[in-house]
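Everything on this sheet refers to the single structure shown next.
The values are calculated or read from the model by the stated rules, or taken from the named source; none is laboratory data. Predicted model only: the values in this text are computed from it and were never measured. Cβ sites come from the backbone with ideal geometry, for glycine too, and all protein chains shown count toward neighbours.
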């Protein structure tokens with residue numbers, strides 16, 4: 001069964017404080033909400049939201065989870081800052097195997113971890129995103145297992161572009 005994997009960098013966050021306790025800025029909250037609301041209005045849904053336990057990632061994930069209504073939201077330490085692509089890919093594949101009905105998964109994390117994961121998953125390295133702006137989302141499709149070089153990059157959208165969509169990008 002094919003699976004769509006959406007990688008989303010947390011929205012803009014405050015500076016200062018401990019890394020794990022940094023919250024979204026007002027602008028970051030608004031950008032995430034605008035993007036999530038537009039995607040929901042266009043019928044975008046996911047089956048599961050996995051996120052880093054860092055406050056800014058959890059806040060971003062919660063905004064998307066609430067807008068998309070039907071998805072469960074789970075924090076996972078494997079997605080904390082410094083995430084290792086091989087470990088994250090293994091986590092995702094394990095989750096896919098356990099819950100065979102998972103078709104769309106949203107992962108909310110950090111830079112440079114998401115860029116590293118993107119490069120790890122991409123079938124074509126030149127197609128992968130080497131950088132993620134705050135609240136930027138990238139979609140990968142997998143025909144079967146999630147793993148190194150198995151993902152096909154379908155699209156990459158910044159928050160501003162997501163908020164202005166009139167239809168979902170085709171896969």
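Give 87, 107, 154 a once-over and let me know the one that is surrounded by fewer than 17 Cβ atoms within 10 Å (Cβ to Cβ), in contact with a helix residue (DSSP H, G or I) (Cβ under 7 Å, 6 or more places away or on another chain) and not in a loop (DSSP other than H, G, I, E, B). Give the derivation first.
On the way: 107 fails: surrounded by fewer than 17 Cβ atoms within 10 Å (Cβ to Cβ); 154 fails: in contact with a helix residue (DSSP H, G or I) (Cβ under 7 Å, 6 or more places away or on another chain).
Of the residues listed, the single one that is surrounded by fewer than 17 Cβ atoms within 10 Å (Cβ to Cβ), in contact with a helix residue (DSSP H, G or I) (Cβ under 7 Å, 6 or more places away or on another chain) and not in a loop (DSSP other than H, G, I, E, B) is 87.
Find the residue count for the range 122-165, including only residues that are over 17 Å from residue 106 (Cα atoms) and without any contact (Cβ under 8 Å) to a residue 24 or more places away in the chain.
Residues in the range 122-165 being over 17 Å from residue 106 (Cα atoms) and without any contact (Cβ under 8 Å) to a residue 24 or more places away in the chain: 5 in total.
What's the number of the only condition in (1) outside any helix (DSSP H, G or I); (2) modelled with pLDDT under 90 that residue 97 fails to meet?
(1)
Identify all residues within the range 33-62 that are modelled with pLDDT of 95 or more, in contact with a strand residue (DSSP E or B) (Cβ under 9 Å, 6 or more places away or on another chain) and surrounded by fewer than 22 Cβ atoms within 10 Å (Cβ to Cβ); write none if there are none.
53, 55, 58, 59, 62
Out of the residues in the range 121-132 that are farther than 19 Å from residue 2 by Cβ and out of contact with any strand residue (DSSP E or B) (no Cβ under 7 Å at 6 or more places or on another chain), state the one that is modelled with the highest pLDDT.
Filtering the range 121-132 for residues that are farther than 19 Å from residue 2 by Cβ and out of contact with any strand residue (DSSP E or B) (no Cβ under 7 Å at 6 or more places or on another chain), the one modelled with the highest pLDDT comes out as 131.
In the range 63-83, how many are part of a helix (DSSP H, G or I) and either in contact with a helix residue (DSSP H, G or I) (Cβ under 9 Å, 6 or more places away or on another chain) or crowded, with 18+ Cβ neighbours inside 10 Å (or both)?
Total meeting the criteria: 8.
Taking the condition without any contact (Cβ under 8 Å) to a residue 60 or more places away in the chain, surrounded by 15 or more Cβ atoms within 10 Å (Cβ to Cβ), closer than 26 Å to residue 55 by Cβ and under 13 Å from the mean Cα position of the chain (by Cα), does residue 92 pass?
no
Report, by residue number, each residue of the range 37-54 that is without any contact (Cβ under 8 Å) to a residue 40 or more places away in the chain and within 20 Å of residue 111 (Cα to Cα).
53
List the pairs whose first member sits in the range 5-23 and is on the phi > 0 side of the Ramachandran plot and at pLDDT below 95, whose second member is surrounded by 15 or more Cβ atoms within 10 Å (Cβ to Cβ) and assigned to a loop (DSSP other than H, G, I, E, B), and whose Cβ atoms are under 8 Å apart, counting only residues at least 6 apart or on separate chains?
16/22
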